[in-house]
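Computed from the coordinates by the stated procedures, all read-outs in this text should not be read as laboratory data. Here the structure is a predicted model, which means the values were calculated and not measured. Cβ placement follows ideal geometry from the backbone for every residue including glycine, while neighbour counts extend to all protein chains displayed.
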Amino acid sequence: MKHKTSHQATEPGRNQRSAAFDHGGVMIAGLPSGAPEVERAASVASHTHSIATPAFVFDLPAIDQAAARVASIAQQAGCRALYSIKALSLPEVVETIARRLDGLEASSNCEARLARGMFDARNAIGDGKRSILHLTTPGLKPDEVPELAKLCDAITFNSLTQWERFGPMVAAAGAERGLRVNPQLSWIADERYDPCRPSSKLGVPLDQLAIELTRRPHDFAGLAGLEFHTNFRATSTTPVEATVDRLIEMLGDHLKSLAWMNLGGGYDLAHMSDADVVPLVRAAERLRSEFDLDVLIEPGSTLVRRHGYLISSVVDLFESEGQSIAVLDTSVAHLAEVFEYQRPARVLGHVIGGPHRYTLAGSSCLAGDLLAEAAFAEPLELGSRVVLCDVGAYALSKVQNFNGLAPPAVRLVS
Ligand SMILES: Cc1ncc(COP(=O)(O)O)c(C=O)c1O
C-alpha cells in the first residue's frame, strides 16, 4: 500500500484555497479490488491510520474500476462517455478516468484548461487516443469565450441569449455549438437539485425551443447538438428514456439536422446492473437509428462519490444534556452538502443500535456544524479516527473551486 500527496487540483494562481487540500490530501494505490464497500472503506482507513487529519482520501483503483464499468455501459449503449470534471477535478483522478472514457466535460475555463492540458500532454507522448472536450455553463463571460472556443470541441449554450451573443465567436474559432434544453420533465422532488424546477436557470425550456426552431429555423443553422441534464443520483435509467421520448415528441424532425445529443449525467451508472441500463441503451439506439445522432453521456459523481473518504480525528468528548458529543477536527465547511442539504455524513463503523452513541460535531463555531449521529461498538476516545464515507463527489470541489470557478477577488477600501 502506497499513498502520496496529490498535486494541486486546479490551476496555480487561480486556486487560492488549494492549500487546504495540499496539506492533507492523500491518494491511495494498490488496494485489493472487488472487496465489498465496507471492507474496502475499512481497508482504506487501516492503510491511512497514520496520516495527519483531516484528510480527503481517494481510492484510485476503485475509481478506475468505476470508470471501466461506465465505459462498458457506454459501449453497450453505443454512446460516448465524457467525465464531468466538476464532481472531482483532482488531476490524477481526471487522468485515471479519462484513460477509460471518450473525453471530458468542463464547466469553466479552469476545468477546460486542465482537460486540454491533459490531452496535449498525452499527445506529446504519442498516445494516439483522441479525447473530446465539451463545455457548458450558465456563466459564460465574453472575455473567456475566445479561449474556451479554442480549448473545447463543443460549447453548449445554456440560453438563447448565450447562443445569440457568443455563437458567431465560437463558430469562427471552429468549435461546435450546442444548446442545453430543459425538457420540463422533473425527476427530483427537492427543487434545490431539480434542473427542471419552475422557471429554471438551466437550459432553454423545451416548449420554447420547439416554437423557436419552427418559427426561425435559419437562426439555428450550425446548431450541432442538444444537451439535457435533469437527474441526480438516479438508480434507474428509465427517466432518461422518458426524457428522450419527450424530446422526440416535441422536436421531431428538427433532430435530424443535428449531429449529436448529450444525455447529461445524474445517473449512478457505475453501480447499476445490465438490466438497469436497458432503458438508456434503448433511448440511445432510438436517437441513432431514427435521427442518425451521435449520443453522449456525461456522468460525474458516479465515478468518484463512493471512492472518497474524509478521515478525521476526535479532538474533544463531553456530555451535553444527556447527549454524548464527539468533536472532530473537520467541519461542514469540508463537507458543504451535509449542511446545505441537511444530509448526514455516512460514518464507517456505525452500528444500528450500537451501544456508544455520539453526535459527531465539527470544530467550527457554528452551532449547526453537525456531521452525523453515529453509534459504535466501542467507545470513542480522544484521537480516535472517524471515517466519513461517500464524499468523493462535490466535497473537495466545494472546499476549493466548485465548477472551477475562481473565488471572488478581495479588495480593501480605505
Ligand atoms: C451539465 C451537467 N452534466 C453532468 C453533470 C454531472 O452530474 P452527476 O455528477 O450527478 O453525474 C452535471 C452536474 O451537475 C451537470 O450540471
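Couple of notes before you dig in:
- Rounded to 0.05, the FRET efficiency of the residue 289 and residue 352 pair, given R0 = 51 Å and the Cβ-Cβ distance, is 0.55.
- Look at the dipole of region 65-303 built from charges on Cβ: of 151, 243, 162, the Cα furthest out on the positive end belongs to 151.
- Sorted ascending by nearby beta carbons within 10 Å, beginning with the fewest, 118, 261 become 118, 261.
- Additional length obtainable on full extension of the chain from residue 411 to residue 273, 0.36 nm per residue less Cα span: 44.5 nm
- Taking 0.36 nm per residue of separation and subtracting the Cα-Cα distance, full extension of the segment from residue 50 to residue 367 would add 111.1 nm.
- The string of couplings for region 293-305 from the Karplus curve (6.51, -1.76, 1.60, θ = phi - 60°) is 9, 6, 10, 10, 10, 9, x, x, 4, 4, 7, 10, 3 Hz, one whole number per residue in order, with x for Gly and Pro.
- log10 of Debye I(q)/I(0), alpha-carbon scatterers only, for region 312-391 at 0.13, 0.27 Å⁻¹: -0.34, -1.50
- Taking 7 Å steps out from each Cα toward its Cβ at residue 201 and residue 161 produces label points 1.2 nm apart.
- From helices alone, the chain scores -9000 deg cm²/dmol at 222 nm; the rule is -39500 (n - 2.57) for each run of n ≥ 4 DSSP H residues, then divide by the residue total.
- Residue (of 81, 60, 142) at the positive-pole extreme of the chain, dipole from beta-carbon charges: 142
- Over the chain, the alpha carbon radius of gyration divided by the compact-protein estimate 2.2 N^0.38 Å works out to 1.03.
- Positive contributions from Lys and Arg (+1) and negative ones from Asp and Glu (-1), summed over other residues with Cβ under 14 Å from the Cβ of residue 239, come out at -2.
- In this structure, residue 171 and residue 215 have a Cβ-Cβ separation that, at R0 = 30 Å, corresponds to a calculated FRET efficiency of about 0.90.
- Antiparallel %, DSSP beta bridges [both residues in region 259-414], to 5: 75 percent
- Computed from point charges on the beta carbon alone (+1 for Lys and Arg, -1 for Asp and Glu), the dipole magnitude for the chain about its Cα centre is near 740 Debye.
- Working from Cα pairs under 8 Å separated by at least six residues, relative contact order for the chain is 17 percent.
- DSSP assigns beta bridges within the chain; of those with both partners inside it, close to 40 percent run antiparallel.
- For region 279-414: rounded, prolate or oblate by the Cα gyration tensor [a/c cutoff 1.5]: oblate
- Restricting the chymotrypsin sites (Phe, Trp or Tyr not before Pro) of region 213-265 to loop positions (DSSP other than H, G, I, E, B) with no more than 11 neighbouring Cβ atoms within 10 Å leaves nothing.
- Top positive-direction residue, dipole computed over the chain with Cβ charges, set 175, 271, 281: 175
- Nearest-20 debye value, region 312-391 charge dipole, Cβ charges on Lys, Arg, Asp, Glu: 200 debye
- For region 326-382 and region 36-109, distance of Cα centres in Å: 25 Å
- FRET efficiency, 1/(1 + (r/R0)^6) with R0 25 Å, evaluated for residue 402 and residue 377 via beta carbons: 0.10
- Taking other Cβ atoms within 10 Å as a rough exposure proxy, 157, 291 sort from fewest to most as 291, 157.
- Exposure proxy for 83, 341, 394: other Cβ atoms within 10 Å of each Cβ, ordered fewest to most, give 341, 394, 83.
- The spread of Cα positions in region 31-138, taken along each principal axis and listed from longest to shortest, comes to 39, 34, 33 Å.
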